[in-house]
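Here the structure is laid out as structure tokens; the discussion comes afterwards.
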Amino acid sequence: MHFTFLFLLFLMALLGLTPLIFFIVLFASVIAHEFSHSIVAKYRGLEVSRIILTPIGGIAFTEDITTDAKTELMVSFAGPGFNFLVVAVVWMWGVFSGNTQLLISSLTAGEIPESIFGMIFYSNFVLGVFNFFMPALPLDGGRFWRSLLALKIGYLRATRVLINVSMMVAFLMFLAGVLLPSFWLMLIAVFIYFFASIEYQTILLQNCLSSSTVKDVMQEHFLEFDEDVLFERAVNELHEKRMYFAVIKKGSEFFVFDVNNFEVLDDTVELWQAKIIDFSVPVEPLSPDESAMDVFKKMAKQGLNVVPVQSRGKVLGIVTRESLSLELKFKRILNAENE
Ligand SMILES: [Zn+2]
């Protein structure tokens, strides 16, 4: 949860009881919205890692960004879909109890609704409409229209179209924010602008790396030491060969020494007689057929610069961050005509 929420809660409490209750209703609606995304994402086999709530509505972060259009279509609709469902149910209550006027005025009065039903109606209506009908990434509407388009023209192209639309939406929103003036609109415009560009980078990465395997990006030029090789000898050899990394095998375990991660301390001198393996970290090796995208995610998540590749206990090569970004670069050049 975002701390701004607690801060806003405190602020609302200062303003009085009605704003406080309204804020709690809005907050609950945002959480229910996010949970709907998460449930459908789980159902479609995506792992939902964390939910971050922001004042303009939550964003459910999934571990995997899916490029499966059907999955995204369902996941992106789930949130606003839930809000629309609540709106429909409350509207039905309004019809049966003769309170439709109260619900309509909760939308048009321009102030915080007095009744709890008005609050629920207003919160879910605004969240649903704003998220669904705004065709801007990373909002649900942007995702929904992108995945619809992707069914026709492919994911990368659809993303590019939606990025352009998002930038236009952000620009108009910012303009409206200045003219009205509305601080919130300006803030959301900046948010859309910023996240839409990140979205494109992510999809580009996914698109380029998911068709490559570890075998494609692996570097066969690397150093391997036995477990009892002394630190001094290993560092000298790395220095001579101008290499940053070494792989050390100990039984069935793999270790990696990374010059970049080595800190020179005052008492390092005394450690010259130690073994290289004492300064190495254990890593789980890759197999040659793994997808390069999975490896990228794994390395980013664990903060690794290098991972050995093995087959039947033998080290075949290493994958480094550089080898991945090189692959990305080449793929972009080679795919340029399709983009
Ligand atoms: Zn949503």
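The values are calculated or read from the model by the stated rules, or taken from the named source; none is laboratory data. No experiment lies behind these values; they were computed from the predicted model shown. Counting neighbours? That spans all protein chains shown, and the Cβs are built from the backbone with ideal geometry, glycine included.
Quick check on my filter: what residues within segment 282-303 are of a type in the set (Val, Ile, Thr) and either outside the structural domain of Glu224 (by TED's automatic domain parsing) or at pLDDT 90 or above (or both)?
Val283
Working only within segment 105-129, note down all residues that are over 20 Å from Asp140 (Cα atoms), assigned to a helix (DSSP H, G or I) and small (Gly, Ala, Ser).
Ser105, Ser106, Gly118
So which helices (runs of 4 or more DSSP H) are wholly in segment 174-247 and hold at least 1 residues that are exposed (fewer than 14 other Cβ atoms within 10 Å of the Cβ)?
Qualifying helices (runs of 4 or more DSSP H): 183-209, 231-241.
I'm checking my understanding of the structure. Among residues of segment 130-141 that are over 18 Å from Ala69 (Cβ atoms) and not in a loop (DSSP other than H, G, I, E, B), which one is farthest from the ligand (Cβ to nearest atom)?
Phe133
A quick yes/no check of all residues on (1) modelled with pLDDT of 85 or more; (2) farther than 17 Å from Val30 by Cβ; (3) under 19 Å from the mean Cα position of the chain (by Cα):
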| site | (1), (2), (3) |
| --- | --- |
| Ala69 | no, yes, yes |
| Val86 | yes, no, no |
| Ile104 | no, yes, no |
| Tyr122 | yes, no, no |
| Ala136 | yes, yes, yes |
| Leu156 | no, yes, yes |
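For the condition closer than 30 Å to Ile203 by Cβ and touching a residue at least 12 places away in the same chain (Cβ under 8 Å), what is the one hit in Ser291, Ser252?
Ser291
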